[in-house]
Amino acid sequence: MESPLLQIKDLHKSYGSLEVLKGIDFSVSKGEKVAVIGPSGSGKSTCLRCVNFLEKPSRGHIILDGERVGVKPGSDRLMSDAELAPQRAQMGMVFQLFYLWPHLTVLENVSIGLRKVQGVPSNEASEIAMDMLEKVHLGNKANTFPGLLSGGQQQRVAIARALAQRPKLLLFDEPTSALDPELVGEVLNVIQELADEGRTMLLVTHEINFARDIADRVIFMDGGVVVEEGPARELITNPQAERTRVFLSKIE
Ligand code: ADP
Ligand code: MG
């Protein structure tokens, strides 16, 4: 059997004496869409940030496509940021806030990683960036500056930027929670279109209906552990654990 694209094994993370992740284990197969839900403060963002080593796990392994993330092969030595860059590029991350460069055009925001991190020649990087902007329906905004765009458009630029690196896996951390309600739909539509292309996704979201519709599997986290996981529709309509029931009853 093909091994999963992403494996999270015995992941622990503490900040000082605060243990935020208490042993997380789950996998994501190629082409699978997995949604992570759970109360605020349960460790969802920390988990995602440990996957691409934006945070260093206190214990445990992250394995992407058979390679340990963040650790030099054949040793226990942690990679430097420069050594990590190629692995990070395989995991396109989209944050709650968009973090676009205000002084760069939309096209430059999308192409800069290709040029600076992957060494793609400028012309080629611009072409790829343009294709990605068209994918998020913003081809007509390529030469605009981010400050002139709506929050929904800025988030779509951030998605194009993540796509430009041709990642194997997309990581979304509550991509719509900073948006005005009327802008949420356009971002969810783009994520849905990417899902329909068969991309592999790990998505933290508080949009429970969206999680139910888009995800193959849902993981419910609380207090730094995975309380329950299962097929999306089943878990959301018929949760087994009391804690999952309480959480879902509060947000429906
Ligand atoms: P979630 O995304 O589920 O809301 P987080 O992963 O952001 O949860 O946070 C989980 C816990 O870890 C919270 O108690 C939060 O205050 C704490 N935490 C997160 N990041 C840090 C940090 N850099 N330093 C100290 N504590 C942190
Ligand atoms: Mg969070």
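Coordinate-derived values only; no laboratory data. Please read all numbers here as calculations on a predicted model, not as lab measurements. Cβ: placed from backbone, ideal geometry, glycine included. Neighbour counts: every protein chain shown.
Per-structure values
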| read-out | value |
| --- | --- |
| Condition broken by Asp131, with the remaining ones in (1) surrounded by fewer than 16 Cβ atoms within 10 Å (Cβ to Cβ); (2) touching a residue at least 24 places away in the same chain (Cβ under 8 Å); (3) part of a helix (DSSP H, G or I) satisfied | (2) |
| Residues of the stretch 44-75 satisfying the condition of being surrounded by fewer than 20 Cβ atoms within 10 Å (Cβ to Cβ), within 19 Å of the chain's Cα centre (by Cα) and either in a strand (DSSP E or B) or of a type in the set (Phe, Trp, Tyr) (or both) | Phe53, His61, Ile63, Glu67, Arg68 |
| Meets criteria (surrounded by fewer than 18 Cβ atoms within 10 Å (Cβ to Cβ), touching a residue at least 24 places away in the same chain (Cβ under 8 Å), hydrophobic (A, V, I, L, M, F, W, C) and within 16 Å of ligand 2 (Cβ to nearest atom)) for Leu84 | no |
| Failed item in (1) more than 16 Å from ligand 2 (Cβ to nearest atom); (2) crowded, with 21+ Cβ neighbours inside 10 Å; (3) assigned to a loop (DSSP other than H, G, I, E, B); (4) of a type outside the set (Phe, Trp, Tyr), with Pro175 passing the rest | (1) |
| Looking only at the stretch 193-210, and only at residues there that are under 14 Å from the mean Cα position of the chain (by Cα) and within 26 Å of Gly139 (Cβ to Cβ), the one that is surrounded by the most Cβ atoms within 10 Å (Cβ to Cβ) | Leu203 |
| Whichever residue in the stretch 52-61 is of a type outside the set (Lys, Arg) and closer than 18 Å to Pro86 by Cβ and, among such residues, is nearest to ligand 1 (Cβ to nearest atom) | Leu54 |
| Members of the stretch 211-238 that are in a helix (DSSP H, G or I) and surrounded by fewer than 19 Cβ atoms within 10 Å (Cβ to Cβ) | Arg212, Asp213, Arg233, Glu234, Thr237 |
| Number of the exception - Trp101 against (1) closer than 21 Å to Ala158 by Cα; (2) crowded, with 16+ Cβ neighbours inside 10 Å; (3) more than 14 Å from the chain's Cα centre (by Cα) | (2) |
| Condition met for Val157 (outside any loop (DSSP other than H, G, I, E, B), of a type outside the set (Ser, Thr, Tyr) and touching a helix residue (DSSP H, G or I) at 6+ places or on another chain (Cβ under 6 Å)) | yes |
| Candidates Gly92, Gly31, Gly41 - the one that is in a loop (DSSP other than H, G, I, E, B) and away from ligand 1 (no atom under 16 Å from the Cβ) | Gly31 |
| Subset of the stretch 3-36 [of a type outside the set (D, E, K, R), within 16 Å of ligand 2 (Cβ to nearest atom), surrounded by 19 or more Cβ atoms within 10 Å (Cβ to Cβ) and over 13 Å from the mean Cα position of the chain (by Cα)] | Leu11, Val20, Leu21, Ile24 |
| Residue check for Arg49: within 16 Å of ligand 1 (Cβ to nearest atom), under 29 Å from Pro4 (Cα atoms) and charged (D, E, K, R) | yes |
| Criterion violated by Thr244 - all others in (1) over 28 Å from His12 (Cβ atoms); (2) part of a helix (DSSP H, G or I); (3) of a type in the set (S, T, N, Q) satisfied | (1) |
| Odd one out for Leu84 among (1) touching a Gly at 6+ places or on another chain (Cβ under 8 Å); (2) not in a helix (DSSP H, G or I) | (2) |
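Here is a yes/no grid of residues against (1) within 16 Å of ligand 2 (Cβ to nearest atom); (2) in contact (Cβ under 8 Å) with a residue 40 or more places away in the chain; (3) under 30 Å from His137 (Cβ atoms):
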{"site": "Gly43", "(1), (2), (3)": "yes, yes, no"}
{"site": "Glu55", "(1), (2), (3)": "yes, yes, no"}
{"site": "Val69", "(1), (2), (3)": "no, no, no"}
{"site": "Ser80", "(1), (2), (3)": "no, no, no"}
{"site": "Gly92", "(1), (2), (3)": "no, yes, yes"}
{"site": "Gln96", "(1), (2), (3)": "yes, yes, yes"}
